[in-house]
Amino acid sequence: MDKLLIAGGVPLSGEVAISGAKNAALPLLCAALLTREAVTFTNVPHLNDIGTMLKLLAQMGVKVAREAARVGAGDTVTLDASGLDNAVAPYEMVKTMRASILVLGPLVARTGEAKVSLPGGCAIGARPVDQHIKGLTAMGAEIAVEHGYVHARATRLKGARLFTDMVTVTGTENLMMAACLAEGETVIENAAREPEVVDLANCLVAMGARISGAGGDVIRIQGVDALHGATHRIMPDRIETGTYLCAAAATGGEIRLTGASATSLDAVIDKLMDTGCEIIAERDAIRLKAPRRLTAVSIRTAPYPAFPTDMQAQFMAINAVADGTAVMRETIFENRFMHAVELIRLGADIKIDGNTAFVKGVPKLDGATVMATDLRASASLVIAGLVAQGETLIERIYHLDRGYEGLEQKLAALGANIRRVK
Ligand code: EPZ
């Protein structure tokens with residue numbers, strides 16, 4: 001199994017391009033199930049999770065055409081679901097990527113039935129999908145959960161007033177997609193406001209859907225009889241952007257990220273400026289210049305536009321070497337501090353109490369062998385490895401390949417001493 005070997009201590013400098021967003025691309029690819037016409041996506045990140053989703057759609061009878069591009073330039077993917085004939089998402093595929101649940105809404109809305117494996121738990125939490133099921137049931141779907149599968153049936157979904165018990169990103173996306181072909185109006189209250197939800201809504205509107213309010217906590221969808229084809233450029237990945245900004249901040253570097261959008265990263269940029277970083281937002285790029293030593297910053301994760309849980313681990317890595325003590329509260333997932341014990345192996349001073357981590361910055365970290373446990377945890381270990389003295393070996397980096405396109409190439413382009421080893 002591949003590992004990453006990093007010799008730390010090099011301040012990052014230079015320029016790299018940000019890729020398309022994984023968490024926008026996954027629901028967008030599922031949206032193609034809603035029409036018989038071809039949908040083309042550009043700026044598609046070249047990631048393992050995207051590959052898994054394309055395989056899942058292909059085994060349903062969707063024609064998939066993919067033009068790969070160089071790292072950071074974004075693939076072009078065309079999907080044609082006119083031959084959709086197998087509304088099933090098998091366990092073997094869903095277990096590798098829980099976002100597969102995003103086929104449920106579009107399948108039952110388009111074909112009147114769907115059989116989708118329940119995604120199991122994951123390293124960061126139980127992550128049930130009860131709100132997805134509750135919403136579809138309220139829209140008139142008959143749903144049975146048997147033998148680990150969600151079986152959904154509906155002659156035609158009916159518009160309804162939906163309220164989710166908590167803000168759920170993929171829950172909002174699943175229900176919004178389903179509502180596009182329902183009879184009448186659907187209102188989703190307590191909706192997720194993430195930029196990826198807005199990117200999906202924009203594409204659905206380009207396909208002929210009638211949606212208003214995306215980006216706010218109340219979304220209205222007027223159902224239509226059919227959607228048509230479209231071409232959609234996927235938004236830049238704000239979490240990948242935030243990760244590179246943190247890597248530059250932690251190493252005392254100065255970088256420019258092209259194809260990045262600062263508007264979707266306000267809470268993160270705000271906190272990075274509190275650490276003492278200088279940040280310049282250009283129309284289509286972001287510059288960061290780090291201070292000699294960062295100042296520790298406390299954070300509390302919460303749904304957008306608050307501080308994203310997907311950036312918590314990376315901030316733990318920068319707080320590990322900052323001046324002062326940070327209090328970090330994780331309010332979204334019940335088990336998202338797995339990276340803390342690995343950072344402690346590198347010499348960090350971290351105490352965990354329930355959903356709160358107390359991180360006391362230390363002057364230096366020392367390289368060691370560490371293990372990645374989930375996607376963002378592995379990103380925090382990469383950042384710590386770039387700072388640590390000596391060599392850091394990161395095991396189980398398949399987690400990284402799921403969500404970061406060409407990570408070691410991009411970091412090497414910024415001067416990092418990093419390579420993949422067997
Ligand atoms: C999305 O996951 C992202 N994944 C996650 O990114 C991200 O961490 C998360 O949103 C929060 O921002 C994708 O977009 C593919 P939720 P999602 O439903 O939609 C509970 C990454 O690193 N909940 O918003 O699955 C749930 O357990 C990944 O790229 C229910 O209880 O997250 C959690 O505590 C990791 N029942 C909370 O709500 C439900 O039916 C928020 O989860 C749905 C959710």
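Here are the numbers for this structure:
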| item | result |
| --- | --- |
| Computed accessible area, TYR398, all protein chains, 1.4 angstrom probe, square angstrom | 100 |
| Amide H partners (placed H, <5 Å) of GLU185, local residues excluded | GLY159, GLY223 |
| Among CYS203, CYS122, CYS180: highest mean-square fluctuation, GNM of the chain, C-alpha pairs under 10 Å | CYS122 |
| Relative contact order (%) - region 90-143, alpha-carbon pairs under 8 angstrom, separation at least six | 31 |
| Area of LYS3 that stays accessible when all protein chains are in place (1.4 Å probe, Å², to 10) | 50 |
| Within the accessible area of the chain (1.4 Å probe), percent carbon and sulfur | 50 |
| Residue-level accessible surface for ILE344, protein heavy atoms, 1.4 Å, Å² | 70 |
| Cα-Cα separations in region 290-420 greater than 23 Å, expressed as whole percent | 28 |
| Alpha carbon centroid spacing (whole Å) that separates region 354-402 from region 1-53 | 21 |
| Most positive-pole-ward Cα, VAL116, PRO90, THR172, against dipole of region 63-173 from beta carbon charges | THR172 |
| Bins of 5 Å, starting at 0 and running to the largest distance - Cα pair percent for region 58-183 | 2, 11, 19, 21, 20, 13, 9, 4, 1, 0 |
| Gaussian network model of the chain, Cα within-10 Å springs - most flexible of ALA206, ALA250, ALA340 | ALA206 |
| Region 317-422, relative contact order [Cα under 8 Å, separation at least 6], % | 25 |
| Residue-wise HN-Hα coupling along region 153-167, computed from phi with Karplus coefficients 6.51, -1.76, 1.60 (Hz; x: Gly, Pro) | 9, 6, 4, 8, 5, 10, x, 7, 8, 10, 10, 8, 4, 9, 6 |
| Cα shape, region 282-325, gyration tensor, a/c 1.5 rule | oblate |
| DSSP beta bridge pairing in the chain, given as percent antiparallel to the nearest 5 | 70 |
| Mean Cβ count within 10 Å, highest first, over the residues of peptides 281-287, 53-59 | 53-59, 281-287 |
| Relative contact order of the chain, pairs being alpha-carbon contacts under 8 Å that are 6 or more residues apart, as % | 21 |
| Rg over Rh [alpha-carbon atoms, Kirkwood Rh] for the chain | 0.98 |
| P(r) histogram, all alpha-carbon pairs of region 1-77 included - 10 Å bins from 0, percent | 15, 42, 25, 12, 5, 0 |
| Most mobile listed residue (PRO45, PRO106, PRO303) in the chain, GNM with C-alpha springs under 10 Å | PRO303 |
| Surface accessible to a 1.4 Å probe, per residue, for the residues of region 44-189, Å² | 40 |
| Long-range amide H partners of GLU334 with built H, under 5 Å | ALA126 |
| 3J(HN,Hα) from dihedral phi, region 175-190, Karplus parametrisation 6.51/-1.76/1.60, rounded to Hz, x for glycine, proline | 6, 5, 5, 4, 5, 4, 10, 7, 8, x, 9, 10, 10, 9, 9, 6 |
| Å² per residue, accessible surface of region 349-422 at 1.4 Å | 40 |
| Most positive-pole-ward Cα, GLY385, HIS147, ASN43, against dipole of the chain from beta carbon charges | GLY385 |
| 5 angstrom amide H check on GLY253, placed H, neighbours 5+ away | LEU12, ALA290 |
| Whole-Hz couplings from phi, Karplus 6.51/-1.76/1.60, listed for region 244-256; x for Gly and Pro | 5, 4, 5, 5, 5, 4, 5, 8, x, x, 9, 9, 10 |
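The values are calculated or read from the model by the stated rules, or taken from the named source; none is laboratory data. Small disclaimer: the values here were computed from a predicted structure and weren't measured. We place every Cβ from the backbone using ideal geometry, glycine too, and count neighbours over all the protein chains shown. Accessible surface is based on the protein model in full, side chains and every heavy atom, while ligands, DNA and RNA are left aside. Shrake-Rupley method; radii C 1.70, N 1.55, O 1.52, S 1.80 Å.
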